[in-house]
1. Looking only at region 455-470, which residues are open to solvent by 50 Å² or more (accessible area, probe 1.4 Å) and either under 13 Å from LYS520 (Cα atoms) or not in a loop (DSSP other than H, G, I, E, B) (or both)?
2. Taking region 86-103 as the region of interest, how many residues are of a type in the set (Phe, Trp, Tyr) and either closer than 18 Å to TYR369 by Cα or open to solvent by less than 30 Å² (accessible area, probe 1.4 Å) (or both)?
3. Out of PHE222, PHE218, I need the residue that is surrounded by 14 or more Cβ atoms within 10 Å (Cβ to Cβ), modelled with pLDDT of 90 or more and either charged (D, E, K, R) or more than 18 Å from LYS477 (Cα to Cα) (or both). Which one?
4. In region 496-551, what residues are surrounded by fewer than 18 Cβ atoms within 10 Å (Cβ to Cβ), part of a helix (DSSP H, G or I) and modelled with pLDDT under 90?
5. Check ILE294 against each of (1) out of contact with any His (no Cβ under 7 Å at 6 or more places or on another chain); (2) under 25 Å from VAL79 (Cβ atoms); (3) modelled with pLDDT of 85 or more and name the one condition it does not meet.
6. Looking only at residues that are open to solvent by less than 50 Å² (accessible area, probe 1.4 Å) and assigned to a helix (DSSP H, G or I) in region 251-266, which one is farthest from GLY327 (Cα to Cα)?
7. Kindly indicate which of ILE258, ILE249, ILE270, ILE262 is within 27 Å of LEU331 (Cα to Cα), at pLDDT 90 or above and within 24 Å of the chain's Cα centre (by Cα).
Amino acid sequence: LADADFNTYSLIVESISRIDFKTDWSLNQLSEKIIGFPFFSLIWHSIFFHFFDYYSFIILEIFFYFILILLFFKIFYLVQKDLLISFISVIILISSLEILSLIINFTNLNFIVVLRPLAEFYGQRFPHPLVTSVYFFTIFLISIKLFQSSNLKLNKKYFIYIGLMSILLINSFFFHFIKSTIFLILLAIHKYKKNLINFIKINYISFLQLFCLILVGFCILFAHLYIAENDYSARLGTYKIYFDDKLIILKVLLKKLIQPEIIVLLSLSIICRLNYRKLGIINQDKMNYDLFLIFFVACIISPFVFVILTHTSIYLYYFWSAVKFSGFLYLFLILIRVFFIKRIKSKLTILSSFFVIFLIFSNLCNNYYKQLNNDYEVDRNRLEIKDFLFDKKYYNTDIILLSNDYPIMHLWLNFNNKYLINTDGFVSSYSDEILENLKINYLKLLNLNLDSFIKILNENEDNINKRNDFAKSFGYKYSVNLIRHEKPIEEEYSKKLSKRILSISPLVQWHQFFSNKEKKRLINKYKNFVIDKNSIPDLFIMRKDDIFISNFQNLKILNYVQIFENQNFIILKKS
């Protein structure tokens, strides 16, 4: 999944690096507006891409992950007041991801439910959490420094730093901004209590500066949305929710609170908080550890606040991942204190060496598993294509490419070719109408008959573990769940699919299927569609595992000739 995300996000990065916010890579079919993806999660990679091309991803992965680890170290040190223990804490935290990955890779146990909340906060997936978590934990670190101060008057520069990071969060990963805002409010209430009004009065200029910076962040967001493609927000997963929908979502969120893992996290957190003295947490340490408990509470409150105050919904499961992570983080630090500070502090040097060695070993094991399952034949075939394109001087051209393989698209752009046809709804800044036309144009080029097209629209409706791939190619436009579906549901979906949709949590947007009304519209469009000659590629480079591979012979009618073939790919050129 991370590799697939990289392929799509890096295409957007490539376009932005050229200061081109219309991700169409087209000669003839141009986007009317820019892409609506939040740019500030990609901005640094786009700048570096301009100078270092695809090497920039390697450089910045090392840089951002180092910064993220450093942030955790500094956060832990502010609480634990011991460099070696903070170092061990960070190593164990990182190792937890490797251990869970080892269990998943080498056993039949599926620990993905445990792995996901951790990986979404300190994994290496680009751009979230690799970039967005750096913004978030910078605010977290500054917040701790602010509220560890014994003075009512706080340093103004910290407010400015929080404001700048908020601008980045608002325009990269809005969920983190909501959590960080609620976290700061709860921190202020918890620390200053009866002095809260005086605290605000004394620091009102700093708060005004912070508010202005946040306002700047929202102005950038709304300006971006105004000039971005209107259809893109739905493809990104945004949809309107009404009062009845809110009630359903809030009911689901309340039920989530009695999930076994949440009950365990809440119960253990309460027990720990009530037994601080027995755990040796006294005086200033109380506030230090309460910071993480407050973070846990803020993450629990965040989805309720978001649903109540907004009229749109998007990726709500991200909020719930934060609940699990924040509860884990609080208990993790408590356990570190119990086992490493109180009991075996004298052996910390030996333990730190052990955990570093274990981290390296587990990482090597996981990389070995990844290499073991890598399809090297496909990689070799791509290299053969690279050599072929180079030998035939397919670089610095105005040739239009159509490919179903993202690495090939990146290779094409890396050869300084300008144009390709991309029909991925998540990547493209096209309107839905243009996207539909390009997709149908491709199927028409292959002379796909109407029955086959109808079969594509009905794909996987009876398979509870899969979704419709053609619907998925429009991003999240056709996502369905308990509250998001065409109505009346009994008429718009089959009986079996209707039952399935009504069982899908409104926090989930993974399931994507066409309604009967949409199928009818697309079928009529397909019947009457005439091939657009301006949207015909000059070159096809296709993977043979494409479900339409058998139809490629139909391209000969349109004067395409095969110029290359290996085990996994075929190249066709318009003569």
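The values are calculated or read from the model by the stated rules, or taken from the named source; none is laboratory data. Nothing here was measured: the structure is a model prediction, and the numbers come from that model. All Cβ positions, even for glycine, are placed from backbone atoms using ideal geometry, and neighbour counts span all protein chains on display. Just the protein is used for accessible areas: all its heavy atoms, side chains included, with ligands, DNA and RNA removed. Shrake-Rupley method; radii C 1.70, N 1.55, O 1.52, S 1.80 Å.
1. The answer is LYS455, ASN458, ASP469.
2. The qualifying residues number 0.
3. Among PHE222, PHE218, only PHE218 is surrounded by 14 or more Cβ atoms within 10 Å (Cβ to Cβ), modelled with pLDDT of 90 or more and either charged (D, E, K, R) or more than 18 Å from LYS477 (Cα to Cα) (or both).
4. Residues satisfying the conditions are LYS533, ASN534, ILE549, SER550, ASN551.
5. The failed condition is (1).
6. Out of the qualifying residues, it is VAL252.
7. After ruling out the rest, the residue left standing is ILE262.
For (1) out of contact with any strand residue (DSSP E or B) (no Cβ under 9 Å at 6 or more places or on another chain); (2) under 21 Å from LEU497 (Cβ atoms); (3) modelled with pLDDT of 90 or more, each residue gets a yes or a no:
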| position | (1), (2), (3) |
| --- | --- |
| ILE421 | no, no, yes |
| SER428 | yes, no, yes |
| LEU438 | no, no, yes |
| LEU443 | yes, no, yes |
| LEU448 | yes, no, no |
| PHE453 | yes, yes, yes |
| ILE456 | yes, yes, yes |
| ASP462 | yes, yes, no |
